[in-house]
1. Could you check residue 153 against (1) crowded, with 19+ Cβ neighbours inside 10 Å; (2) under 28 Å from residue 70 (Cβ atoms); (3) free of Cβ contacts under 8 Å to residues at least 24 places away in the same chain and say which number it fails?
2. Based on what the data block shows, is residue 145 hydrophobic (A, V, I, L, M, F, W, C), under 16 Å from residue 85 (Cα atoms) and surrounded by 17 or more Cβ atoms within 10 Å (Cβ to Cβ)?
3. Determine, yes or no, whether residue 57 is buried (at least 20 other Cβ atoms within 10 Å of the Cβ), among the hydroxyl-bearing types (Ser, Thr, Tyr) and part of a helix (DSSP H, G or I).
4. Scan region 26-47 and give yes if some residue there is modelled with pLDDT under 95, of a type in the set (D, E, K, R) and more than 22 Å from the chain's Cα centre (by Cα), otherwise no.
5. Would you confirm whether or not region 92-101 contains a residue that is of a type in the set (Ser, Thr, Tyr), at pLDDT below 95 and surrounded by fewer than 17 Cβ atoms within 10 Å (Cβ to Cβ)?
Amino acid sequence: MPRRSAPHEPAKRGYHHGNARNALLTAAAGLLEKLGAASLSLRQVAERAGLSRQAPYNHFKNKEALLAELAREGYERLAASLAASRDAQGRNSLERAAESYIRRAQEAPALFRLMFSRELVDLARFPAAAQAGAAAFEALKDIVATCAPADRVADLALAAWSLVHGYATLCIEVALEPADRRAERARLFARILRAAAATSDAHH
């Protein structure tokens, strides 16, 4: 007779190699928001994905490598949302970009923490994740370039990132303000950046 799985064993799904990897990442992303990065384990990820306990090690060297991949995906989604914020005239790009950034932090706070903390993942050890982070900053620079002189874009992009990131962090860490203030604050930050850009332009 064929062997039946014991009642406590989860049924293993039939995944192709690439699909198994994606299933593990999807499971890890869900657990990350539920448990936090520190408490997440590869065993839990495998169980949530319906795969064997060995499955994560077929795709990721260890937990840090899995977390680095989650961070990489987070940066790629951030870059895409920033790029989507840019319009041809650049009239509302800053507002949309700021609101999108804050929304991502508020809707996935554990991922946001992971992306910007070296406590559990040193992205310097994972070039693909580090490059994705750099690409996200380049997308922000493209937004700032719609309202700033070319030689001030890098500085003002850093200021924009620091301003919006600081607010987003305060909102998720100490509940500074509710999510319904997001759009209002995004407009405020955009006005601040435009004023700084205009001042910079006047001094040239």
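1. Among (1) crowded, with 19+ Cβ neighbours inside 10 Å; (2) under 28 Å from residue 70 (Cβ atoms); (3) free of Cβ contacts under 8 Å to residues at least 24 places away in the same chain, the lone unmet condition for residue 153 is (2).
2. On the way: hydrophobic (A, V, I, L, M, F, W, C): yes; under 16 Å from residue 85 (Cα atoms): yes; surrounded by 17 or more Cβ atoms within 10 Å (Cβ to Cβ): yes.
It is true that residue 145 is hydrophobic (A, V, I, L, M, F, W, C), under 16 Å from residue 85 (Cα atoms) and surrounded by 17 or more Cβ atoms within 10 Å (Cβ to Cβ).
3. Values: buried (at least 20 other Cβ atoms within 10 Å of the Cβ): no; among the hydroxyl-bearing types (Ser, Thr, Tyr): yes; part of a helix (DSSP H, G or I): yes.
For residue 57, the condition - buried (at least 20 other Cβ atoms within 10 Å of the Cβ), among the hydroxyl-bearing types (Ser, Thr, Tyr) and part of a helix (DSSP H, G or I) - is not met.
4. Among the residues of region 26-47, not one is modelled with pLDDT under 95, of a type in the set (D, E, K, R) and more than 22 Å from the chain's Cα centre (by Cα), which makes the answer no.
5. Going residue by residue through region 92-101, those that are of a type in the set (Ser, Thr, Tyr) are 93, 100-101.
Checking which are at pLDDT below 95 leaves us with 93.
The next check asks that each one be surrounded by fewer than 17 Cβ atoms within 10 Å (Cβ to Cβ); those that pass are none.
Scanning region 92-101 turns up no residue that is of a type in the set (Ser, Thr, Tyr), at pLDDT below 95 and surrounded by fewer than 17 Cβ atoms within 10 Å (Cβ to Cβ).
The values are calculated or read from the model by the stated rules, or taken from the named source; none is laboratory data. What you see is a predicted model; the values in this text were computed from it and never measured. Glycine gets a Cβ as well: all are built from the backbone with ideal geometry, and neighbour counts include every protein chain shown.
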